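The values are calculated or read from the model by the stated rules, or taken from the named source; none is laboratory data. Just so we're clear, the structure is a prediction, and the values are computed from it rather than from any experiment. No Cβ is skipped: glycine too gets one built from the backbone with ideal geometry, and neighbour counts run over all protein chains shown. Please note that ligands, DNA and RNA were not included when accessible areas were found on the heavy atoms of the full protein model with its side chains. Shrake-Rupley method; radii C 1.70, N 1.55, O 1.52, S 1.80 Å.
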There are 2 protein chains.
Amino acid sequence: MAEGKVLNGVSVDKLFGTIDAVKEAPGIAKFKFRAKNKWIKGGLNRTTIKDFYGTQKDLTHKKQFELEADEPPLLLGEDKGPNPVEYALTALAACLTTSMVYHAAAKGIELRAVEARLEGDLDLRGFLGISEDVPVGYENIRVYFKIDADVSEEQKEELCRMAAKYSPVFHTISNATPVSVQPDK
Amino acid sequence: MAEGKVLNGVSVDKLFGTIDAVKEAPGIAKFKFRAKNKWIKGGLNRTTIKDFYGTQKDLTHKKQFELEADEPPLLLGEDKGPNPVEYALTALAACLTTSMVYHAAAKGIELRAVEARLEGDLDLRGFLGISEDVPVGYENIRVYFKIDADVSEEQKEELCRMAAKYSPVFHTISNATPVSVQPDK
């Protein structure tokens, strides 16, 4: 399909084409995303991302992505990469931004710039197994968006609500998502 | 503190030293992790990670980390990086692995190799705003660990349970974590 009208770097024609195709055949919207991880040493490990499933077939990225996670020295690592909970903020930031940009494009709202800052509270007594009374995960995550566009303050608030409403990572984190962890047979 | 005994690449003496320090002064375990994101174009955006707060002071990583997220062409991007929901799997994989490795070290269990593969089901009708009846986030995430160590199958299952029990990202995803999204004033 031709690019056609492009807004915020998103082909609006392709976006509406995708929406129409999914309405006709909802099964093509069922995706499976995948990752593999290999432990290296201590708090250092590497995730690789290559293939996924969608539109009823196996698909691959143009190249394999490799992401290293580590811990800072204070948490007994060597600081060779962001730590896992910082990757969680990265996922949330990227997803909310993309959700805002795509849905603004669909609504005809032009964005000049979007920046986000995120902060999450984590009490390490959970991870360390010291207390059962504190949450092991983030207690709270706050996301603040700076939006440059010809819109009112109310519309900026609406853009933030819209970003959250349609963001898969926002929902994965803010709802209780079932995760099973087991040995590979 | 000296490295002392090291198991799985983790200084066990430092780990128990940290646990003892936190037991005496629980406030030092209250961390704040942070990320900044800048939208580039369409589904492409860049997260930077530099500073955090812990042990009652502001801290910085040895260097600033930059992570680009994008979408594959099928989802109207140019595939310049993993997409946001793949970053979420990366966070989960890295966190479960580190949780397993650190807690195994604390228990005196030597690990030779740990690999994980993850898969999550995502119905894009949520993101596209086509149906209110499907979850917008991951419906389900499955994590499979291949563990090479001198332990029984039961102990491998116990290592998986332990990894989940102490993993901040596992809890952030599998519990309902409050996330606020608002304009930056």
- Could you tell me the total accessible area buried at the B-A interface, probe 1.4 Å, in square angstrom to the nearest hundred? 11300
- Quick note, region B:6-46: a/c under 1.5 would make it rounded; otherwise a/b > b/c is prolate and the rest oblate (a ≥ b ≥ c, C-alpha gyration tensor); here it is oblate
- For chain B, modelled as a GNM with alpha-carbon contacts under 10 angstrom, which of B:Ala25, B:Ala88, B:Ala105 fluctuates the most? B:Ala25
- How large is the accessible surface per residue of region B:52-93, computed with a 1.4 Å probe and reported in Å² as a whole number? 38
- Item | Label spacing, shortest first and in nm, from B:Lys38 to its equivalents in the remaining copies (7 angstrom along Cα→Cβ) | 3.3
- 7 Å along Cα→Cβ, label-point gaps from A:Ser152 to other copies, nm, shortest first: 6.9
- Leaving out ligands, DNA and RNA, what percent of the accessible area of the protein assembly as shown is carbon and sulfur, probe 1.4 Å? 49
- Message: Counting only other residues whose beta carbon sits under 11 Å from that of B:Glu66, what net charge do I get with K and R as +1, D and E as -1?
- Response: +4
- Across peptide A:105-114, what mean number of C-beta atoms from other chains lies inside 10 Å of a residue's C-beta? 1
- Would you please name the chymotrypsin sites (Phe, Trp or Tyr not before Pro) within region B:73-164 that are DSSP coil residues with at most 13 other C-beta atoms within 10 Å of their C-beta? none
- Query: In a GNM of chain B with a 10 Å cut-off on Cα contacts, which of B:Thr172, B:Thr90, B:Thr98 has the highest mean-square fluctuation?
  - Reply: B:Thr172
- Spin-label point model (7 Å from Cα, Cβ direction): what's the A:Asp13 to A:Arg142 distance in nm? 4.5
- Shortest-first distances to equivalent copies, position A:Glu110, nm, label 7 Å out along Cβ: 6.6
- Message: Using a 7 Å offset from Cα along Cα-Cβ at A:Glu78, what residues in region A:33-58 end up with backbone N under 12 Å from the label point?
- Response: A:40-45
- Item | Given charges at beta-carbon only (K, R positive; D, E negative), |dipole| of region B:36-185 in Debye | 780
- All lysines inside 20 Å of A:Lys23 as judged from Cα atoms, apart from same-chain residues fewer than 8 positions distant: A:Lys14, A:Lys32, A:Lys57, A:Lys107, A:Lys165
- Query: Per-residue ellipticity at 222 nm for chain B, helices alone: DSSP H runs ≥ 4 residues times -39500 (n - 2.57), over residue total, nearest 500 deg cm²/dmol?
  - Reply: -10000 deg cm²/dmol
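Summing Lys, Arg as +1 and Asp, Glu as -1, what charge do residues with Cβ under 12 Å from the Cβ of A:Leu122 carry, A:Leu122 excluded?
Computed value for this residue: -1.
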- Item | Surrounding net charge for A:Glu157, when Lys and Arg each add one and Asp and Glu each subtract one, Cβ distance under 12 Å | -1
- Which Cα, out of A:Thr177, A:Pro73, A:Val136, lies furthest along the positive dipole direction of chain A (beta carbon charges, K/R +1, D/E -1)? A:Thr177
